[in-house]
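Data first, discussion second: the structure below is written as structure tokens.
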Amino acid sequence: MSEHPDQPDTAQEERQTKPALLRGFRRRCPNCGEGGLFQGYLKVVDRCPVCREELHHHRADDGPAYLTILIVGHLLAPVIHVGFTHFRPEPLVMATVLTVLAVALSLYLLPRLKGLVVGIQWARRMHGFGKAH
Ligand SMILES: [Zn+2]
């Protein structure tokens, strides 16, 4: 029973980090895993449409872009090496294939990594996520 009946008991209950990360990566609310985390491509909703958890406290900033570049770079660098040394494609073919791969992979990963970053911020009560409202 809460000391403050108007505040939920869940205000300081433990938040599991791993499920929150997975829900965020699936672009779902880190609290319930049901509601969509984004309106549009990257805009985080103010509140979860299902459980009403406030999500506007996130400060993902440049973190998702940094992680996207880190992962895409490490995945495509070996592809460049192997592709060039084994197949010797025409430079224009190689540039086109790598460009399409880099753009597609980045567009796929960016919102998922942003969800992951919002998930860890929510689970660790970073920024405004820890305050009882
Ligand atoms: Zn929710």
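Observations
- Helical mean residue ellipticity (222 nm; -39500 (n - 2.57) per DSSP H run of 4+; nearest 500) of the chain: -16000 deg cm²/dmol
- For the chain, the relative contact order comes to 38 percent (Cα pairs under 8 Å, sequence separation of at least 6).
- Karplus 3J(HN,Hα) series, Hz, for region 126-131 with 6.51 cos²θ - 1.76 cosθ + 1.60 (x for Gly, Pro): 7, 6, x, 5, x, 6
- Protection proxy ranking for 23-32, 80-89, using the average of other Cβ atoms within 10 Å per residue and placing the highest first: 23-32, 80-89.
- Column: log10 I(q)/I(0), Debye, Cα scatterers of region 1-114, q = 0.13 Å⁻¹: -0.65
- Taking the convex hull of Cα positions in region 65-133, its mean projected area over all directions (nm²): 5.4 nm²
- Fully extended contour minus Cα-Cα distance, from MET126 to ARG47, at 0.36 nm per residue: 26.8 nm
- Between 0 and 90 degrees, the angle of helix 63-82 with respect to the longest Cα principal axis of the chain falls at about 30 degrees.
- Across region 113-118, computed HN-Hα scalar couplings (Karplus, 6.51 cos²θ - 1.76 cosθ + 1.60, θ = phi - 60°) run 6, 5, x, 4, 5, 4 Hz from first to last residue, x flagging Gly and Pro.
- Estimated dipole of the chain in Debye, rounded to 20 [Cβ of Lys and Arg +1, of Asp and Glu -1, Cα centre]: 340 debye
- Long-range amide H partners of LEU55 with built H, under 5 Å: ARG47, CYS48
Bear in mind that the values in this text are calculations on the coordinates, not laboratory data. Note that the structure is a prediction, hence the values are computed from the model and not measured. Every residue, glycine among them, receives a Cβ derived from its backbone with ideal geometry; neighbour counts consider all protein chains shown.
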